[in-house]
Every structure is written in C-alpha cells, then in structure tokens.
Amino acid sequence: MAAIKTVGVIGAGQMGNGIAHVAALAGFNVVLYDVSADRLKSAMATINGNLTRQVTKKTITEDAHKKALARIVSAESLDGLAACDLVIETAVEKEEIKRKIFHDLCAVLKPEAIIASNTSSISITRLAASTDRPEKFIGIHFMNPVPLMELAELIRGIATDDATFDAAREFVTAMGKQIAVSEDFPAFIVNRILLPMINEAIYTLYEGVGNVEAIDAAMKLGAHHPMGPLELADFIGLDTCLSIMQVLHEGLADSKYRPCPLLVKYVEAGWLGRKSQRGFYDYRGDKPVPTR
C-alpha cells in the first residue's frame with residue numbers, strides 16, 4: 001500500500017479541526033471538508049489560534065505554524081477529497097448520517113484510498129459494510145481535544161486487512177499519538193469505561209445525592225480528575241453522551257447502561273453543554289453557573 005501523504009477530514013467541528021491541525025503539523029497535506037462554508041472558515045480560524053498558542057508556549061516554532069497552515073486546504077464538496085490517500089470522517093454520532101457520507105464518499109475516492117471513522121461508539125464492521133471497500137475501512141478514534149490528548153484508539157472491523165491496519169498505525173504514530181487497539185465492541189475502550197461513569201454522575205444528580213457543584217468537586221478533589229464528570233459531559237456534548245449510552249444499552253442489552261432520564265431531558269430541551277451555552281452549567285455569563 002502506498003504511503004499516506006494527503007489526508008481528508010470530513011467535518012470541520014471540534015474533532016475535525018483538531019485532527020486537521022495535528023495532521024498538518026505532522027507534515028501531511030490536509031483537505032478539510034464541510035457542507036458549511038461558515039464552519040470551514042471558523043475551523044481555519046480555530047486552527048490558526050491553536051497553533052499560535054503553541055508558538056506562544058514554545059511547543060512549536062513560528063515556521064512550523066506557517067508550514068502547517070499552508071498544508072491545509074478547505075473543500076465544500078466531497079469531490080475535493082478525490083486525491084486523498086486516507087479520509088477520516090468526524091460527523092455527528094448518528095449511524096444513518098455516517099453511512100450516507102460513506103456511500104457518497106466512495107463514489108469520488110480512488111480505489112486504493114483508506115476510509116476511517118472517528119466514531120466513539122458505533123460498530124466499525126457495520127459502517128464498513130456501507131462502503132465499497134470494507135477491507136480498507138478502520139476506526140481511528142481520537143480523543144478530544146486532539147492537539148492535547150495523547151491517545152488514539154485503533155479499531156478493526158471484521159473485514160479490515162493487515163495493510164490498512166498497518167498504514168493507520170503508521171499514520172497515527174507519525175502524528176505523535178500513542179495507540180490503544182480495541183476490539184469492535186460498542187464504545188470501544190475509553191467510552192465503555194468513561195461514559196457509564198458520567199451517566200452514573202448524572203444519576204447521582206437526578207436522585208438528589210448531590211448538586212452539580214458537589215458532584216464535580218467530589219471527583220476533582222476526591223479522585224484527582226482534572227474535570228468533574230458533569231463539566232466533562234458539557235465539554236463532550238450531552239447529545240454525544242446520550243448517543244454513546246444508547247449504543248452501549250442497545251448493543252450490550254444490559255440495564256446498567258440505561259441512559260439517565262435527566263440526560264434525556266436535557267438533550268430534549270436542547271441543553272447540550274458548552275456548544276449550546278447551557279447544559280449542567282449555564283455558560284452565558286462571565287463564568288459557568290450550575291443549572292441544578
């Protein structure tokens with residue numbers, strides 16, 4: 001298999017711009033695609049800002065900053081990904097949306113190109129089956145925020161061949177990430193452990209054991225977690241947390257993974273965390289204020 005030189009990233013949100021940032025800094029040419037021109041513009045500004053912060057902290061040079069930015073181009077059509085050696089999808093955690101993207105993507109990609117999903121919970125085998133190249137399909141699950149987090153999970157589908165796995169491992173290592181190899185089970189390793197903990201914290205709030213501040217302080221001061229579980233849920237996005245819990249609950253058929261009704265209620269209200277300005281905290285003022 002030819003070496004990966006040009007990487008496509010589908011989705012210019014937080015995960016997509018983070019992957020584009022780190023890939024470009026590692027020397028890969030990057031094509032960042034999104035259906036929204038505004039999101040693309042915002043993503044490029046975010047990448048530039050994050051690179052500037054790294055220069056200020058002296059973790060990269062100004063020259064590396066300029067070269068990384070120059071390696072990223074935007075595309076408002078999937079056709080812009082035609083020459084990519086690897087395309088990573090970072091769309092919303094909904095299987096039908098991802099399957100539609102992969103179906104449309106296969107029509108423009110060269111036959112030897114690898115497709116990866118950054119899904120945090122959905123079956124790689126099932127997603128691969130919606131493409132014309134299941135043997136060249138793999139899960140590469142980066143952690144958020146991508147420029148800061150050291151880990152990426154690699155997940156093979158049942159059809160993923162050795163050449164695809166080796167190429168993906170080489171790519172992730174070149175980006176300076178450590179690898180955890182996971183079997184293709186719901187939510188893989190990190191979220192299989194992390195999301196039930198967050199869900200349990202929401203149950204603790206729901207049942208009145210403690211308020212938002214008490215629960216977060218307890219885990220930060222009592223378990224040395226850098227963020228409290230409710231603060232972390234807001235950072236991840238409550239809709240994403242709910243989607244992952246639903247995948248776990250449906251995929252493993254175990255009542256211990258039942259999403260907390262309070263989590264469902266917040267998502268129904270459109271209180272999705274930081275991205276919607278309200279979740280377990282209200283972010284509309286000078287500092288976050290608990291909503292319970």
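The values are calculated or read from the model by the stated rules, or taken from the named source; none is laboratory data. Everything numeric here is computed off the predicted structure, so don't read it as measured data. Every residue, glycine as well, gets a Cβ built from its backbone with ideal geometry; the counts of neighbours run over all protein chains shown.
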### Message
Name the single residue that is surrounded by the fewest Cβ atoms within 10 Å (Cβ to Cβ) among those in the range 111-121 being at pLDDT 95 or above and in contact with a strand residue (DSSP E or B) (Cβ under 9 Å, 6 or more places away or on another chain).
### Response
Ala113
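Taking the range 67-96, which residues are surrounded by fewer than 12 Cβ atoms within 10 Å (Cβ to Cβ) and either out of contact with any helix residue (DSSP H, G or I) (no Cβ under 9 Å at 6 or more places or on another chain) or in contact (Cβ under 8 Å) with a residue 60 or more places away in the chain (or both)? Before the answer, list the steps.
So the first thing to find is which residues in the range 67-96 are surrounded by fewer than 12 Cβ atoms within 10 Å (Cβ to Cβ), and the list is 70, 77, 79, 96.
Matches in the range 67-96: Ser77, Asp79, Glu96.
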### Query
Among (1) surrounded by fewer than 17 Cβ atoms within 10 Å (Cβ to Cβ); (2) at pLDDT 95 or above; (3) touching a helix residue (DSSP H, G or I) at 6+ places or on another chain (Cβ under 8 Å), where does Pro145 come up short?
(2)
### Task
Scan the range 234-257 residue by residue and report those that are closer than 24 Å to Gly210 by Cα and without any contact (Cβ under 8 Å) to a residue 24 or more places away in the chain.
Ser255
### Query
Restricted to the range 1-35, and to residues that are modelled with pLDDT of 95 or more and of a type in the set (S, T, N, Q), which residue is nearest to the chain's Cα centre (by Cα)?
Asn17
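When the range 170-201 is examined, which residues are found to be touching a strand residue (DSSP E or B) at 6+ places or on another chain (Cβ under 6 Å) and either modelled with pLDDT under 95 or not in a loop (DSSP other than H, G, I, E, B) (or both)?
Those that are touching a strand residue (DSSP E or B) at 6+ places or on another chain (Cβ under 6 Å) and either modelled with pLDDT under 95 or not in a loop (DSSP other than H, G, I, E, B) (or both): Val172, Gln178, Ile179, Ala180, Val181, Ser182.
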#### Entry: Scan of the range 92-110 for residues that are modelled with pLDDT of 95 or more and either in a loop (DSSP other than H, G, I, E, B) or among the aliphatic types (A, V, I, L, M) (or both), ordered by number
Ile97, Ile101, Leu105, Ala107, Val108, Leu109, Lys110
### Message
Among the residues that make up the range 41-57, is at least one of them outside any helix (DSSP H, G or I) and either without any contact (Cβ under 8 Å) to a residue 24 or more places away in the chain or assigned by TED's automatic domain parsing to the domain that holds Ile101 (or both)?
### Response
yes
